[in-house]
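Q: My structure is below; once you've seen it, I'll send some questions.
The values are calculated or read from the model by the stated rules, or taken from the named source; none is laboratory data. These numbers were taken from a predicted model, which means no experiment stands behind them. Here the Cβ positions follow ideal geometry from the backbone for every residue, glycine too, while neighbour counts run over all protein chains shown. Just so you know, the surface numbers come from the protein's heavy atoms only, side chains and all, with ligands and any DNA or RNA stripped out. Shrake-Rupley method; radii C 1.70, N 1.55, O 1.52, S 1.80 Å.
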Amino acid sequence: MTGFESTVRAQVRSQTKSGIAAMIIGIALLVALVAMPWWASQGTIRSVVELCCYIAIAQMWNLLAGYGGLVSVGQQAFSGVAAYAMFALAQNLGINPFFAVPLCLIAPVLLAVPTYGLLHRLDGPYFAIGTWVVAEVMRLLTSNFSYVNAGAGMSLRVMTQYSAHERAIGVSILCALMLLITVGGTYWLLRSRYGLALTAMRDNPVSAASQGVNVSRLRFLLFIAGAAGTGLAGAIYFMAQLRITPEAAYGPQWATVAIFIVMIGGLGSIEGVLVGSIIYFFADRWFGEYGATYLIVLGILTLIVALFARQGIWGLMSKVVDAPWFPTRRVLVSGESR
């Protein structure tokens, strides 16, 4: 056999110093989150739980819109149905409320399957309006369903059998698991071989389909995952509140918060969700007392970012310093032929 044989040795870097530092900080924050009942006040715990739920819901919306191209304004349908399912399991059927949280995720998944079946042929604003209609239908059905006390809402009275400290421990652990599933799960997905397909679908779904990516199947799976993640956040949020009503569970504020966080932080990036969530959380705490004026300012800010900084605040930060917290790219460091 004649000819030249050559081999290529390449060194690929899949992690960065900033990513390693962010991972260490993230683990420390999760440990601190689980340990909150031993060092934080009840007010602080409620605030942190609320922030964690914002992060989870926004990350699920970011996964849908940023990678699947599915712009939903009705994700509250899934957070609401999961929360009501958890209340029904715990209050009406006597199941341990902390075990009822993972069980209640069956409800948003069962709702997501026919919802996607009905709406997947719609594009753009028509798909978004369709998701909002589903959320409104769920609100109306729940408001007239006597098993969950209709429009009067439900109180999670079974939680009184636990002390405030025990409730705080359970909710803190659930929040840590929620962040691991939503944020950590998204990061793992984007670094897997499916991440390349998702990135290709985000950039150009038609081109991705021509290269063998099953766009329809990926979008369906993203929609189901987004429904489950959003439902988990809704169940934990209302467990911490100990009360739920149809208006609170299916209110449009859930979609509004998710859209604001993702648009301000940066669409299609995990870091952007974290940045946007922190901005919204403190803006809500500091300026929420101004009511409608405060909401108008948030809307104008979202519009400005969408027009002049489409990559969000994280995108602007990345142009100055390239230090990703969740690196998903593989970088060719060196390569030589022999």
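Q: Of all residues in the stretch 257-268, how many are open to solvent by 10 Å² or more (accessible area, probe 1.4 Å), under 18 Å from L51 (Cα atoms) and touching a residue at least 60 places away in the same chain (Cβ under 8 Å)?
A: Summing the residues that are open to solvent by 10 Å² or more (accessible area, probe 1.4 Å), under 18 Å from L51 (Cα atoms) and touching a residue at least 60 places away in the same chain (Cβ under 8 Å) in the stretch 257-268 gives 2.
Q: Same structure again: Scan the stretch 279-288 and tell me whether some residue there is in contact with a helix residue (DSSP H, G or I) (Cβ under 7 Å, 6 or more places away or on another chain), in a helix (DSSP H, G or I), touching a residue at least 60 places away in the same chain (Cβ under 8 Å) and within 30 Å of Y84 (Cα to Cα).
A: yes
Q: Pull out all pairs, ordered by first then second residue, where Cβ-Cβ is under 9 Å, the residues are six or more apart or on different chains, the first lies in the stretch 20-33 and is at pLDDT below 95, and the second is acidic (D, E).
A: Final answer for the pair search is A22/E271.
Q: Output the residue which, of all residues in the stretch 99-109 that are open to solvent by less than 40 Å² (accessible area, probe 1.4 Å) and part of a helix (DSSP H, G or I), is nearest to Q161 (Cα to Cα).
A: The selected residue is A100.
Q: Let me ask another. For the stretch 16-35, enumerate the residues that are in a helix (DSSP H, G or I) and over 20 Å from V275 (Cβ atoms). Walk me through it before giving the result.
A: Here is the first cut: in the stretch 16-35, the residues in a helix (DSSP H, G or I) are 17-34.
Result: V31, V34.
Q: Can you tell me which residue within the stretch 245-254, out of those that are crowded, with 23+ Cβ neighbours inside 10 Å and either closer than 15 Å to E50 by Cα or within 16 Å of the chain's Cα centre (by Cα) (or both), is modelled with the highest pLDDT?
A: By that ranking, first place goes to A249.
Q: Among the residues of the stretch 126-170 satisfying the criterion of being over 15 Å from M239 (Cβ atoms) and not in a helix (DSSP H, G or I), which is most open to solvent (accessible area, probe 1.4 Å)?
A: Taking the candidates together, the pick is N144.
Q: Being more than 15 Å from the chain's Cα centre (by Cα), farther than 24 Å from Q42 by Cα and not in a helix (DSSP H, G or I) narrows it down to one residue among R202, R121, R219; which is it?
A: On the way: R202 fails: not in a helix (DSSP H, G or I); R219 fails: not in a helix (DSSP H, G or I).
When all the criteria are applied, what remains is R121.
Q: Is it fair to say G74 is outside any helix (DSSP H, G or I), in contact (Cβ under 8 Å) with a residue 24 or more places away in the chain and either among the aliphatic types (A, V, I, L, M) or touching a helix residue (DSSP H, G or I) at 6+ places or on another chain (Cβ under 9 Å) (or both)? I'd like the intermediate steps shown before the answer.
A: Numbers: outside any helix (DSSP H, G or I): yes; in contact (Cβ under 8 Å) with a residue 24 or more places away in the chain: yes; either among the aliphatic types (A, V, I, L, M) or touching a helix residue (DSSP H, G or I) at 6+ places or on another chain (Cβ under 9 Å) (or both): yes.
Taking the combined requirement at face value, the residue satisfies it.
Matching residues to (1) under 22 Å from F99 (Cβ atoms); (2) of a type in the set (G, A, S):
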residue: G130; (1), (2): no, yes
residue: L140; (1), (2): no, no
residue: N144; (1), (2): no, no
residue: Y147; (1), (2): yes, no
residue: L156; (1), (2): yes, no
residue: M159; (1), (2): yes, no
residue: E166; (1), (2): yes, no
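Q: Sticking with this one: Pick out the one residue from A90, A112 that is assigned to a helix (DSSP H, G or I), under 20 Å from the mean Cα position of the chain (by Cα) and surrounded by 19 or more Cβ atoms within 10 Å (Cβ to Cβ). Give the derivation first.
A: Working: A90 fails: under 20 Å from the mean Cα position of the chain (by Cα).
Selected residue: A112, the only one of A90, A112 that is assigned to a helix (DSSP H, G or I), under 20 Å from the mean Cα position of the chain (by Cα) and surrounded by 19 or more Cβ atoms within 10 Å (Cβ to Cβ).
Q: Kindly evaluate G231 against the criterion of being on the phi < 0 side of the Ramachandran plot, out of contact with any Gly (no Cβ under 8 Å at 6 or more places or on another chain) and at pLDDT 85 or above.
A: Working: on the phi < 0 side of the Ramachandran plot: yes; out of contact with any Gly (no Cβ under 8 Å at 6 or more places or on another chain): yes; at pLDDT 85 or above: yes.
Answer is yes for this residue.
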